[in-house]
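**Student:** Have a look at the structure that comes next, please.
The values are calculated or read from the model by the stated rules, or taken from the named source; none is laboratory data. Please read these numbers as outputs of a predicted model, since none were measured by experiment. Neighbour counts are summed over all protein chains in view; Cβ atoms, including those assigned to glycine, are modelled from backbone coordinates with ideal geometry. In case anyone asks, the SASA skips ligands and DNA or RNA and just uses the protein heavy atoms, side chains included. Shrake-Rupley method; radii C 1.70, N 1.55, O 1.52, S 1.80 Å.
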Amino acid sequence: LRHKNVKINNIFFNNLIKFSKLNKNVNCRICLHQSKNEKLHSMIVLINSKNDFNIHRHLETPEMYQLIKGTIKINIFNNKKNKVKTIIMKKKNEIFSVNKNQYHIVIPETRYAIFHETKFRIYDKKK
């Protein structure tokens with residue numbers, strides 16, 4: 001977003017859902033931080049159950065998920081990509097953290113799910 005102070009409300013979420021539906025059920029990510037160089041990255045994310053999702057990890061930083069709408073399932077995997085834990089988030093404002101370097105996948109259990117994702121950006125010391 002280009003504005004520093006932004007109010008996110010149900011109108012915003014409903015427009016995000018409409019945008020996804022009008023664009024072949026695309027997943028959406030709205031960055032609330034001003035630039036990719038900021039230390040804290042804060043995003044509103046809509047994921048649609050009609051899409052595929054991949055197991056992934058973030059080597060340098062943990063992630064926090066705060067549920068806004070819908071239900072999400074977060075599967076946690078070991079380094080061999082064997083599932084070791086499943087977290088179901090279905091209550092608004094539930095928060096779950098994924099450790100850095102931990103394989104995981106976030107899957108919507110409802111037609112769509114909206115959540116707030118935050119993580120710290122690690123600066124490349126070589127630059």
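**Student:** For the range 1-76, just the Cα atoms, rotate onto the principal axes and tell me the three extents in Å, largest first.
**Tutor:** 34, 32, 19
**Student:** Dividing the Cα convex hull volume of the chain by residue count, how many Å³ per residue is that? Can you show the working numbers first?
**Tutor:** Details: hull volume 15.5 nm³, N = 127.
Considering the Cα atoms of the chain, their hull volume per residue is 122 Å³.
**Student:** Around Q102, which amide H atoms from residues at least 5 apart in sequence, or from another chain, sit under 5 Å from its own amide H, with H modelled in the peptide plane?
**Tutor:** Placed amide hydrogens put H58 under 5 Å from Q102.
**Student:** Follow-up question, since we're still on this one. Please give the per residue accessible area of the range 1-69, computed with a probe of 1.4 Å over protein heavy atoms only, in Å².
**Tutor:** Each residue of the range 1-69 exposes 69 Å² on average to a 1.4 Å probe.
**Student:** For the range 61-127, what is Rg from Cα atoms divided by 2.2 N^0.38 Å, rounded to two decimals?
**Tutor:** For the range 61-127, the normalised Cα radius of gyration comes out at 1.23.
**Student:** Mind giving me the FRET efficiency for D52 and K4? R0 is 30 Å, r the Cβ-Cβ distance, nearest 0.05 is fine.
**Tutor:** Between D52 and K4 the formula returns 0.30.
**Student:** In whole percent, what relative contact order does the range 12-92 give with Cα contacts below 8 Å and a gap of six or more residues?
**Tutor:** Rounded, it is 19 percent for the range 12-92.
**Student:** Okay, next question. Any of K50/K83; K69/K91; K18/K50; K24/K73 with alpha carbons more than 19 Å apart? Name them for me.
**Tutor:** From the list (K50/K83; K69/K91; K18/K50; K24/K73), the Cα-Cα distance tops 19 Å for K50/K83; K24/K73.
**Student:** By how many nm would the segment from K80 to T61 grow when fully extended, if each residue of separation counts as 0.36 nm and the alpha-carbon distance is taken off?
**Tutor:** Separation in residues times 0.36 nm, less the Cα-Cα distance, equals 4.9 nm.
**Student:** So, one more: Give me the accessible area of V84, 1.4 Å probe, in Å² rounded to the nearest 10.
**Tutor:** Spelled out: V84, probe radius 1.4 Å, area about 90 Å².
**Student:** Ok, one more. Would you kindly find the accessible area of K21, with a 1.4 Å probe and non-protein molecules such as ligands, DNA and RNA excluded, rounding to the nearest 10 Å²?
**Tutor:** 110 Å²
**Student:** For a quick check of your reading of the filter: which GluC sites (Glu not before Pro) in the range 1-85 sit in a DSSP loop and have no more than 13 other Cβ atoms within 10 Å?
**Tutor:** Hits after loop and neighbour filter: E38, E60.
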